[in-house]
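Working notes for the structure below.
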Amino acid sequence: MNSAPFARRILIVDDQQQIHDTFERVFGEKAQEDHSLSDFESKYLMPGKSPSGGPHHDSVEPKPTYVITHANSGEHAIELVQNSVATGKSYSVAFVDMRMHTGMDGLETIEAIWKIDPGIQMVVCTAFSDHVWEHVLDRLGRNDRLLLLKKPFEPDEARQLALALSEKSRLETIQNARVDDLGREVERRRGAEESMRAMAHRDALTQLPNRPYLIEKLTAIIDRHQNGNLLMDAVLFLDLDNFKIINDSLGHNAGDELLNQVASRLKECVRDQDTAERCQIANRETIRLGGDEFVVVLEQIVDAEDAVAVANRIVQRISEPFQLCGRLVTVGASVGIAYIGDTTTDAHVALRNADTAMYRAKNAGKGRVAVFDRSMHADIVRRMELENQFRRALDNEVFELNYQPIINLKDATVQGIEVLLRWRNEDGVYVSPSEFIPMAEEIGLIGRVGEWVLEQSMKAFTDILDRLPPQRRGVYMGVNTSRRQLSDPHFMQRLEQIFARTGFERHRLKLEINESFNPRQDKQALQTMLTLHDSGVGIQIDDFGKGQSSLTCFQSYPIEAVKIDRSFTASIAKDHSHAVIAQAIVQLAHHLCSKIVAEGVESREQLDCLRRWGCDAAQGYFFSSPLSAEQLFELLSDPMKCDGIRLLRQQIATPILFTQQANVIMTNESSL
């Protein structure tokens, strides 16, 4: 075997000096030059050398070198072995005399040495008969580290044993070192795997546990319940409100910083001492799912209300201002709670339930907490089925268009119509636009729907106008338009293509925009509005007064008309505060050179109030319900078929007598 020079350390243990002298002669330098033994060693014990010490394959192996240490007693030998182990210079072979006249005998010495260094190869030197050897083996054990050398022995026998056993010891040392290296490599790789596992279960931004970790944890919790756990656990699903506004306005770096601050606040809420004292919860942990979604897991809850208390604390804490980019910003949070009990069988289901409850909280007005119940899941399934039906309806173009006339209150003529989209689901039931329009916006189909409505209504209305006499054609068409449509940079291009395909006159088109839309938050939408205005398309504010109205729409944007929401119109004849507000809106719009259209007019009393305040136009069931295209053609052909128009013309023919109270609502019904 090829090997580097190796000092073969040999321990001689005997109480007779003559034996030590003999071993010195056997292993001394002169003895090591004995070529006959070298030939033997080379031939039988050290492959790679040729007999007589000559080279084999141009390789010259070094002769074995022995370092001899002498011990004259077992006690002395033990001391030497202890020192060798301490200094890292262990002995390869020990020749131990069986019978020593003083102190420990050979067997006791070997037993003691092996307790200190079990790797030493032992040679028992004895002059006793073979049956004693059986006794030795019974005492020391039958193993490959124990050999017998009977006295008197030949020098070659001793050197042969020393060489073979020391070589064996050397190889064992090398092998043990390799095993140790492999062990260290295994530990290193195991540590690397643990690190990778930790990284795989850790969110890179916030350093919170992530979704894979959450699924494993929830699975373990569910398994615990299957094994008879009596206490419930809870999953709190958190989503930030208005997080996109932070990203869009301050940039993604600010958004990342906000997420880190949210993570810190969540950990505070979860480990807060006051909360811990009030709520009996065994363990709590915060996890980030991704984006602006976080999860808090509460384990071993004694009272279900404790989870609600933690959720409310989170909502309150997150609602407090954050310091970002040198300014204070505010976001909210909606939290859904799902409890885990013995009926929960899947981690993904538990997470889905909490997510469902969170959306219920968000839809209820944001900054809320909702607890999951089975009806929520039924609503989600229904919503998913409705969404699928809506997609099929759009692909097959099975929507319906109705038209409601808008009446000029000055001359009792039809000045315009509003296009109303209607949809019957696959069961033949009409679905409210207040349900399917927000859904279309959420799933990204409102653009396709809006463009379909524009093109189909332009075709139908053009056909109606072509069939009317010229004096009846001074009517415009209003179409509701989504915020997402105006935010699309390609909207104008596609609208121009629709004009080209239908031949519709652009000055007849009025796009109605919901008042909740704020183009100041979207430069593209504002630019689209300005381009529409410059091209001749009118812009009107729809449902004014329904939400958080902003008076900036009168002066900041190219608005030609404002439509008062039906919720105000419905009560102006009975509710003094609504009447005063509606009258103020009319006057304000006129001062700012804008027209006013009242929606939802259903009674003569409402009509009288609007006319008294100078409202420009109105629409509602008092004049007409939504009509089909053919019904609209008949109305435009002969407006006098409409009872409301006939009554309005009679009123116009009879001047209104204005009194000191004419500009406010009359509370006496007889005066109406």
Quiz item: Within segment 463-478, how many residues are touching a Phe, Trp or Tyr at 6+ places or on another chain (Cβ under 7 Å) and part of a strand (DSSP E or B)?
Solution: 1
Exercise. Kindly list the number of the only condition in (1) of a type outside the set (A, V, I, L, M, F, W, C); (2) in a helix (DSSP H, G or I); (3) out of contact with any Ser or Thr (no Cβ under 8 Å at 6 or more places or on another chain); (4) at pLDDT 90 or above that fails for Asp233.
Key: (2)
Quiz item: In the list Gln583, Gln606, Gln631, Gln619, which residue meets the criterion of being closer than 21 Å to Val419 by Cα, surrounded by 19 or more Cβ atoms within 10 Å (Cβ to Cβ) and not aromatic (Phe, Trp, Tyr)?
Solution: Gln619
Quiz item: Identify, please: which residue in segment 587-603 is within 12 Å of Ala561 (Cβ to Cβ) and modelled with pLDDT under 90 and is, among those, surrounded by the fewest Cβ atoms within 10 Å (Cβ to Cβ)?
Solution: Cys593
Quiz prompt | Residue count for segment 85-98, restricted to those that are touching a residue at least 60 places away in the same chain (Cβ under 8 Å) and either at positive phi or surrounded by 15 or more Cβ atoms within 10 Å (Cβ to Cβ) (or both) | solution = 8
Practice problem: Quickly run through segment 613-670 and pick out the residues that are at pLDDT below 90 and among the acidic types (Asp, Glu). | Solution: Glu669
Practice problem: For segment 230-250, name all the residues that are free of Cβ contacts under 8 Å to residues at least 60 places away in the same chain and open to solvent by less than 40 Å² (accessible area, probe 1.4 Å). | Solution: Asn247
Quiz item: Any idea which residue in segment 378-389 is modelled with the highest pLDDT, counting only those that are among the hydrophobic types (A, V, I, L, M, F, W, C) and out of contact with any helix residue (DSSP H, G or I) (no Cβ under 6 Å at 6 or more places or on another chain)?
Solution: Leu386
Practice problem: Given the conditions (1) modelled with pLDDT under 90; (2) open to solvent by 10 Å² or more (accessible area, probe 1.4 Å); (3) assigned to a strand (DSSP E or B), report the number of the one that Tyr339 does not fulfil. | Solution: (1)
Quiz prompt | Search result, residues across segment 502-526 that are in a helix (DSSP H, G or I), at pLDDT 90 or above and either out of contact with any strand residue (DSSP E or B) (no Cβ under 8 Å at 6 or more places or on another chain) or of a type outside the set (Lys, Arg) (or both) | solution = Thr502, Arg506, His507
Exercise. Give me the pairs, please: first residue somewhere in segment 202-218 and open to solvent by less than 10 Å² (accessible area, probe 1.4 Å), second residue anywhere and of a type in the set (Ser, Thr, Tyr), beta-carbon distance under 6 Å, and either six or more positions apart or on two chains.
Key: Leu208/Thr286
Practice problem: For Gln485, work out the one condition from (1) part of a helix (DSSP H, G or I); (2) touching a residue at least 40 places away in the same chain (Cβ under 8 Å); (3) buried (at least 20 other Cβ atoms within 10 Å of the Cβ) it doesn't fulfil. | Solution: (2)
Quiz item: If you take the residues of segment 527-568 that are in contact with a Leu (Cβ under 8 Å, 6 or more places away or on another chain), modelled with pLDDT under 90 and part of a helix (DSSP H, G or I), which of them is most open to solvent (accessible area, probe 1.4 Å)?
Solution: Gln555
Exercise. Would you mind stating whether Leu328 is in a strand (DSSP E or B) and either surrounded by 18 or more Cβ atoms within 10 Å (Cβ to Cβ) or in contact with a strand residue (DSSP E or B) (Cβ under 6 Å, 6 or more places away or on another chain) (or both)?
Key: no
Exercise. Please specify each residue of segment 488-516 satisfying the condition of being of a type in the set (A, V, I, L, M) and touching a helix residue (DSSP H, G or I) at 6+ places or on another chain (Cβ under 9 Å).
Key: Met492, Leu495, Ile498, Leu509, Leu511, Ile513
Practice problem: Would you be able to say whether some residue in segment 414-423 is farther than 20 Å from Ser625 by Cα and of a type outside the set (Gly, Ala, Ser)? | Solution: no
Practice problem: List every residue pair whose Cβ atoms lie under 9 Å apart, where the two residues are 6 or more positions apart in sequence or sit on different chains, the first residue falls within segment 130-146 and is over 20 Å from Lys115 (Cβ atoms) and hydrophobic (A, V, I, L, M, F, W, C), and the second residue, located anywhere, is modelled with pLDDT of 80 or more and open to solvent by 30 Å² or more (accessible area, probe 1.4 Å). | Solution: Trp133/Leu148
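Conditions tested, residue by residue: (1) buried (at least 18 other Cβ atoms within 10 Å of the Cβ); (2) within 29 Å of Leu635 (Cα to Cα); (3) touching a Ser or Thr at 6+ places or on another chain (Cβ under 7 Å).
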{"position": "Asp346", "(1), (2), (3)": "no, no, no"}
{"position": "Leu351", "(1), (2), (3)": "yes, no, no"}
{"position": "Ala364", "(1), (2), (3)": "no, no, no"}
{"position": "Val371", "(1), (2), (3)": "yes, no, no"}
{"position": "Asp379", "(1), (2), (3)": "no, no, no"}
{"position": "Met384", "(1), (2), (3)": "no, no, no"}
{"position": "Asn396", "(1), (2), (3)": "no, no, no"}
{"position": "Glu441", "(1), (2), (3)": "no, no, yes"}
Quiz item: If you go through segment 62-84 one residue at a time, do you hit one that is of a type in the set (A, V, I, L, M, F, W, C) and free of Cβ contacts under 8 Å to residues at least 24 places away in the same chain?
Solution: no
Quiz item: Being in contact with a Pro (Cβ under 9 Å, 6 or more places away or on another chain) and over 25 Å from Lys89 (Cα atoms), is that true of even one residue in segment 184-198?
Solution: no
Exercise. Among what's in segment 402-424 and is touching a Leu at 6+ places or on another chain (Cβ under 8 Å) and either open to solvent by 30 Å² or more (accessible area, probe 1.4 Å) or free of Cβ contacts under 8 Å to residues at least 12 places away in the same chain (or both), pick the residue that is farthest from Ala357 (Cα to Cα).
Key: Asn402
Self-check item: From the options Glu496, Glu441, residue that is closer than 30 Å to Asp379 by Cβ, without any contact (Cβ under 8 Å) to a residue 60 or more places away in the chain and assigned to a helix (DSSP H, G or I)
Solution: Glu441
Exercise. Name, by its number, the condition in (1) surrounded by 10 or more Cβ atoms within 10 Å (Cβ to Cβ); (2) outside any helix (DSSP H, G or I) that does not hold for Ile221.
Key: (2)
Quiz item: Looking at Asp156, is it assigned to a helix (DSSP H, G or I), of a type in the set (Asp, Glu) and in contact (Cβ under 8 Å) with a residue 12 or more places away in the chain?
Solution: yes
Exercise. For segment 99-141, name all the residues that are open to solvent by 30 Å² or more (accessible area, probe 1.4 Å), assigned to a loop (DSSP other than H, G, I, E, B) and either among the acidic types (Asp, Glu) or over 18 Å from Glu172 (Cβ atoms) (or both).
Key: Arg99, His101, Thr102, Gly103, Met104, Asp105, Ala127, Phe128, Ser129
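The values are calculated or read from the model by the stated rules, or taken from the named source; none is laboratory data. Quick caveat: nothing in here was measured; it's all calculated off a predicted structure. Cβ atoms come from the backbone with ideal geometry, glycine included; neighbour counts cover every protein chain shown. Ligands, DNA and RNA are excluded from the accessible area calculation, which covers all protein heavy atoms including side chains. Shrake-Rupley method; radii C 1.70, N 1.55, O 1.52, S 1.80 Å.
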